[in-house]
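Everything on this sheet refers to the single structure shown next.
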Amino acid sequence: MQEERKEESVFQFLVNLNKNNSFNTKIMRLNSPHDFKRCFMSGARVKNEVFTLHYSDNGGLPARLGINIAKKKVKRAVDRNKIKRAAREAFRKSHFNGIDIVLILKNEKYYDPESCFSLVNDVFNNLKKK
């Protein structure tokens, strides 16, 4: 009986620990058009052959990511969502602070679905160097 209580208390501690250290996606997304516009107007950007990253300082808030992939450029929703998942994962692993980032697919001719993660990761690494 006491062993069960000890296991439950340890389990509760681990659950609370994981909640505090988790990646909160709700606060790390750009949602308002005003924030997107501010990133575009800042003039700071990083490019590779497929993607462009526009970024601006957000005054010490946690880093936020916005993704813009036109349906006209990538027809299938599966492919658009794959790009978004790869971008969120690369953003999460990069550990940015105090910056707002907007990822845009500019040149769909050079986009390859098989190398999606490496292309996105490349543009985030270029931003990290700056």
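Each value in this text was obtained by applying a stated rule to the coordinates, not by laboratory testing. Everything numeric here is computed off the predicted structure, so don't read it as measured data.
Taking the DSSP beta bridges in the stretch 24-129 as the whole, what percent of them are antiparallel, to the nearest 5?
65 percent
Derived scalar couplings between HN and Hα for the stretch 87-93 equal 5, 5, 5, 5, 5, 5, 6 Hz in order, rounded to whole Hz, by the Karplus curve 6.51 cos²θ - 1.76 cosθ + 1.60 (θ = phi - 60°), x for Gly and Pro. Straight-line reach from LYS130: taking Cα to Cα under 17 Å and skipping same-chain neighbours fewer than 8 places apart, the lysines in range are LYS47, LYS93.
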